[in-house]
Amino acid sequence: MSKNVGGIDRILRIVAGLVLIALAVTETVGLWGYVGVVPLLTGAIGWCPAYLPFGIKTCKSA
């Protein structure tokens with residue numbers, strides 16, 4: 001499993017994930033806000049399975 005998510009992409013994913021989870025915890029949005037776990041995890045590990053079929057790679061190193 002090689003990394004396919006780059007620096008800025010990772011930061012944006014982590015921030016978006018944390019915001020969605022925070023909104024779900026504070027009951028500002030419904031339970032769907034917990035979907036923020038997905039971008040949070042993909043940003044944390046640097047790998048996104050949705051990028052594979054399209055050959056997208058936002059990181060500079062292999």
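Values in this text are rule-based calculations from the coordinates and carry no lab data. Everything quoted here is computed from the prediction, not taken from an experiment. When we count neighbours, we look across all protein chains shown, and the Cβ atoms used for this are built from the backbone with ideal geometry, even at glycine.
I'd like to verify a number: residues in region 10-28 that are in contact with a helix residue (DSSP H, G or I) (Cβ under 6 Å, 6 or more places away or on another chain) and surrounded by fewer than 17 Cβ atoms within 10 Å (Cβ to Cβ), how many?
2
Condition first: in a helix (DSSP H, G or I) and surrounded by 15 or more Cβ atoms within 10 Å (Cβ to Cβ). Now tell me which residues in region 35-53 satisfy that.
Of all residues in region 35-53, those in a helix (DSSP H, G or I) come to 35-45, 49-51.
Within region 35-53, 36, 38, 39, 40, 42, 43, 51 meet the criteria.
Go through (1) surrounded by 15 or more Cβ atoms within 10 Å (Cβ to Cβ); (2) in contact (Cβ under 8 Å) with a residue 12 or more places away in the chain one by one and return the number of the condition residue 56 breaks.
(1)
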